[in-house]
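Working notes for the structure below.
The values are calculated or read from the model by the stated rules, or taken from the named source; none is laboratory data. All values reported here derive from a predicted model rather than from experimental measurement. For neighbour counting, all protein chains shown are included, and Cβ atoms are generated from backbone atoms with ideal geometry for every residue, glycine included. Only protein heavy atoms, including side chains, enter the accessible area calculation; ligands, DNA and RNA are left aside. Shrake-Rupley method; radii C 1.70, N 1.55, O 1.52, S 1.80 Å.
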Amino acid sequence: MTIKRIGLLTSGGDAPGMNAAIRAVVLSAHRYDIEILGFYSGYNGLINDHSNKLSLHDVDGIIHRGGTILKSARCPELLKEIGIKQAAQTLMKNKVYALVVIGGDGSFNGLIQLSKHWQGQVIGIPGTIDNDVDGTDLTIGFSTAINTAIDAIDKIRDTADAFERIFVVELMGQHSGHITFNVGIACAAEKVLSFENVDSTNEAKTLKECAKEIKQAQKDRHGSYLIVIAENLWTGGVTEFAKQLKNEAGIDCTPCILGYIQRGGSPVAKDRILATKMGVAAVQAIIADKSNVMIGEQNNAIVFVPLTDAIKHKKQVSQSLVAAQENILALTAQTQC
Ligand code: F6P
């Protein structure tokens, strides 16, 4: 076996636990006398040949830190052939045998394109707060992000309760509702609006239904009312949604965008452990001569998913989650009547 040097980078939106994965890759590679070359700022580090050898010292004391010590970026250059060729040249010049990329589906698409111009092994580790990558039950960062959002919304609920006020809180997720549904359930949101349960081609209908439900709830009981809404769902965003509720139904509603608070912070135990398992598995996969696979975890077991399968579809929010939210709201409405 001639593996001597693995390239490593983090790409796309940073996610809590990426550092834990970097640490795991470096430590487990060290066991096999493999050197890790960390490339900076996502694929830009490959295009600009910006890297550094990662020592054991470099990954000391990082498991609990959010963000990524390798920095991250979105890299449109990698969508062009010239960018891909430059990246491939850097890998060859640095005698890299395999490349591990921690990121989401966009980053894996980059990896697939790169592998058409470079012969080395390519391995993906799913790291994104959105949890929308197919082939793995969880992505690194998701558990922390939902805990952060829950913590923030619990605080908003205090004010909502004190003032008997209606809040609409926008959550991240790009175009999927994993964060919105999970957080909505955990915060006992009175309403969840996401891609999975809203017909986005008929906003007028959704607004009307929402207004009706809010008015009914206000009649049944005094108190707070919390709506969580997925980003990119409503035309004009959450501020526009609140404005329309006021204009169309006379309902005062305070909009709130949680935003990047969801991406940062110290990873929770679940993300540290998942990231460590996946980082170790990535090195094992390279040693076992695997390539073009993403490390996933399904039913608590590590699996190797072809990168092409991982990016084919966005992972869907589980129907049981959607059903739980709808049913619990139906029950709440019944008990209030
Ligand atoms: O990392 C994924 C994500 O957090 C999405 O939920 C969000 O839409 C997006 O990143 C925003 O990313 P940026 O503004 O950094 O490009």
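Name the one entry in G120, G124 that is small (G, A, S), surrounded by 24 or more Cβ atoms within 10 Å (Cβ to Cβ) and touching a helix residue (DSSP H, G or I) at 6+ places or on another chain (Cβ under 8 Å).
Working: G120 fails: surrounded by 24 or more Cβ atoms within 10 Å (Cβ to Cβ).
Residue meeting the stated conditions: G124.
The single condition among (1) in contact with a strand residue (DSSP E or B) (Cβ under 9 Å, 6 or more places away or on another chain); (2) within 15 Å of the ligand (Cβ to nearest atom); (3) not assigned by TED's automatic domain parsing to the domain that holds G12 that D132 does not meet is (3).
Would you say I229 is open to solvent by 70 Å² or more (accessible area, probe 1.4 Å), touching a residue at least 12 places away in the same chain (Cβ under 8 Å), of a type outside the set (S, T, Y) and within 16 Å of the ligand (Cβ to nearest atom)? Considered against the rule, which asks whether it is open to solvent by 70 Å² or more (accessible area, probe 1.4 Å), touching a residue at least 12 places away in the same chain (Cβ under 8 Å), of a type outside the set (S, T, Y) and within 16 Å of the ligand (Cβ to nearest atom), I229 comes out as no.
Condition (residue is open to solvent by 10 Å² or more (accessible area, probe 1.4 Å), in a helix (DSSP H, G or I) and within 11 Å of the ligand (Cβ to nearest atom)) applied to the stretch 170-177: is it met by at least one residue? Explain how you work it out, then say what you get.
Step one: list which residues in the stretch 170-177 are open to solvent by 10 Å² or more (accessible area, probe 1.4 Å), which gives 170, 172, 174-175.
From what is left, the residues that are in a helix (DSSP H, G or I) are none.
No, every residue in the stretch 170-177 fails to be open to solvent by 10 Å² or more (accessible area, probe 1.4 Å), in a helix (DSSP H, G or I) and within 11 Å of the ligand (Cβ to nearest atom).
If you filter the stretch 232-243 down to residues that are open to solvent by less than 40 Å² (accessible area, probe 1.4 Å) and not in a loop (DSSP other than H, G, I, E, B), you find that the one that is farthest from the ligand (Cβ to nearest atom) is A242. The set of residues from the stretch 62-106 being within 16 Å of the ligand (Cβ to nearest atom), free of Cβ contacts under 8 Å to residues at least 60 places away in the same chain and either under 23 Å from I22 (Cα atoms) or more than 25 Å from the chain's Cα centre (by Cα) (or both) comprises T68, L78.
Yes or no: I185 more than 12 Å from the ligand (Cβ to nearest atom) and surrounded by fewer than 24 Cβ atoms within 10 Å (Cβ to Cβ)? Break it down stepwise before answering.
Details: more than 12 Å from the ligand (Cβ to nearest atom): yes; surrounded by fewer than 24 Cβ atoms within 10 Å (Cβ to Cβ): yes.
Judged against the criteria, I185 is a match.
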